[in-house]
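See structure below.
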Amino acid sequence: VQLQASGGGLVQPGGSLRLSCTTSGLTFSRYVMGWFRQAPGKEREFVANIPWSGGSTYYADSVKGRFTISRDNAKNTVYLQMNSLKPEDTAVYYCAARVYGSGQLRNENEYSFWGQGTLVTVSS
């Protein structure tokens, strides 16, 4: 199983980025997909997730209304559209996967597979 995150970079405050996470080696449509992030000197934290069906999504309060998670099961890819970025969004962003599952699944221990991370830097 491989998860490949991409799309990070340097962006000014107020700007936008779209992260992508392409998977292989798993039946993507059966997996809940999540995004987490880890800022320098901090623990990794939940950002958003989307169920295998593409139904109800969940967001951390800090990103609600600014970030949107989506998935394309035909492309085995999950996306994170990030708008109105703030300096405090600076972090390494990781995608994660777990088969099926219910509930909000905000704990990183609930995910089985992880990507390598992509760095997002929000700075002027």
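The values are calculated or read from the model by the stated rules, or taken from the named source; none is laboratory data. Values in this document were obtained by computation on a predicted structure and should not be read as measured data. With ideal geometry, Cβ positions are generated from the backbone for all residues, glycine too; neighbour counts draw on all protein chains shown. Surface areas here come from the heavy atoms of the whole protein model, side chains and all, with no ligands, DNA or RNA. Shrake-Rupley method; radii C 1.70, N 1.55, O 1.52, S 1.80 Å.
Of note:
- Taken over the range 80-100, the criterion of being buried (at least 18 other Cβ atoms within 10 Å of the Cβ) and farther than 21 Å from Gln4 by Cα is satisfied by Leu85 alone.
- Members of the range 57-74 that are out of contact with any Leu (no Cβ under 9 Å at 6 or more places or on another chain) and small (Gly, Ala, Ser): Ala60, Ser62, Gly65, Ala74
- The residues of the range 58-69 that are open to solvent by less than 60 Å² (accessible area, probe 1.4 Å) and out of contact with any Ser or Thr (no Cβ under 8 Å at 6 or more places or on another chain), listed by number, are Tyr59, Ala60, Val63, Phe67.
- Qualifying residue in the range 25-37 (condition: under 19 Å from Ser123 (Cβ atoms) and either modelled with pLDDT of 95 or more or touching a Gly at 6+ places or on another chain (Cβ under 9 Å) (or both)): yes
- In the range 17-43, residue farthest from Arg98 (Cα to Cα) [restricted to those that are open to solvent by 70 Å² or more (accessible area, probe 1.4 Å) and of a type in the set (Lys, Arg)]: Lys42
- If you go through the range 17-38 and keep only what is of a type in the set (A, V, I, L, M, F, W, C) and part of a loop (DSSP other than H, G, I, E, B), you end up with just Leu26.
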